[in-house]
Ligand code: 5AD
């Protein structure tokens, strides 16, 4: 699919044509990655952050927000709950928190591996190569780092670099792959200033990076952030932050990256009044990430509003993740659920051998 065709699908509003897109994405998902939906237990390890991202509710500039760091024992308790829930993977996510010392994280990963046997995904922001190396050696298998938008100007505007350290997430992704991580990235849909071409470029970048995991969610304005306070730009080029457009991006990501693992994201679920998993899973996605963060902390990890109200794993009378998956006629994935893109990549984690197509992230 070329840029013009992507643009055509992104701008499509005819519900009949969109049904065709959902059908195609769902078919490719079924053929390529099957009916299993993998559950990833999400633990929001710390809400400390040194960055000033203008979209995010836990940015460094956020005054009056109580900051927390979970203890290793608290994380291990979450891991036990993850196992009980049928998750094969634990995702440790945090703000970009220098107080999460590399050696402490490595110890935590080792304990998680030996005590729970879960696959470990880290999503701790832009960290030093020596730290990433340490965590990989400790047993962490996967790393998530969204590039947020492929539009460099927009990226710099919403995601200021640290003084003297220009942010280069594409270089970070390349490094993660070289270190042998299964690599995930993704974008927000509907950022103020984001245009149609930008979204088509995002999709083409997913394809050329040959990502193992792709997370796409709608931008949800947070009133306490610069982007949440600013008037939303209007005009024909501005893309909307809607559930449908986020689903269009998910469906197209499935068509372009058929063997990737693609979650129906929490932001999609929040914006779609807790029907977002169902929408995502029937439009190309094959992963969900139930939030296992203890409730007291979860309320403090408000990167966007509405999120802390999601209580899908709490057994509070509402259907849990397993029920929601089964209700769609799908099955819950067993085991680590690594992406086909990763598992089947020739010479993965090794230098490409002669004559083999080099992986674009390793170039
Ligand atoms: N709306 C939607 N998604 C957001 N994220 C951060 N802030 C927001 C927001 N206001 C996403 C970013 C980040 C991920 C952890 O959460 O894409 O990478």
Inset, instruction - Kindly provide the helix-only [θ] at 222 nm of the chain, computed as the sum of -39,500 (n - 2.57) over DSSP H runs of four or more divided by all residues, to the nearest 500 deg cm²/dmol? - result: -11500 deg cm²/dmol
Legend entry - Packing-based ranking, highest mean first, of 239-249, 144-154 given that Cβ atoms within 10 Å are counted: 239-249, 144-154
Legend entry - Burial ordering of 158, 28, fewest other beta-carbon atoms within 10 Å first: 28, 158
Inset, instruction - Give the distance, in whole Å, between the Cα centre of the range 256-271 and the Cα centre of the range 52-105. - result: 21 Å
Legend entry - Relative contact order of the chain, defined on C-alpha pairs under 8 angstrom at six or more residues apart (%): 23 percent
Inset, instruction - Run the quick spin-label model on residue 115 and residue 32: label points 7 Å from Cα toward the beta carbon, then report their separation in nm to one decimal. - result: 3.8 nm
Legend entry - Protection proxy ranking, peptides 217-230, 4-17, average beta carbon neighbours within 10 Å, highest first: 217-230, 4-17
Legend entry - Relative contact order, percent, the range 220-298 [alpha-carbon distance under 8 Å, six or more residues apart]: 26 percent
Inset, instruction - Calculate how many DSSP beta bridges within the chain are antiparallel, expressed in % of all such bridges and rounded to the nearest 5. - result: 10 percent
Legend entry - Relative contact order, percent, the range 13-115 [alpha-carbon distance under 8 Å, six or more residues apart]: 34 percent
Inset, instruction - Could you tell me whether the range 177-334 comes out rounded, prolate or oblate from its Cα gyration tensor? Rule is a ≥ b ≥ c as square roots of the eigenvalues, rounded for a/c under 1.5, then prolate if a/b exceeds b/c, otherwise oblate. - result: oblate
Inset, instruction - Assuming a ≥ b ≥ c are the square roots of the Cα gyration tensor eigenvalues, decide whether the chain counts as rounded (a/c under 1.5), prolate (otherwise, with a/b larger than b/c) or oblate. - result: rounded
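Every number in this text was worked out from the coordinates using simple rules, so none of it is lab data. A quick note: this is a predicted structure, and the numbers were derived from the prediction, not measured. Heads up, the Cβs are rebuilt from the backbone with ideal geometry, glycines too, and the neighbour counts pull from every protein chain shown.
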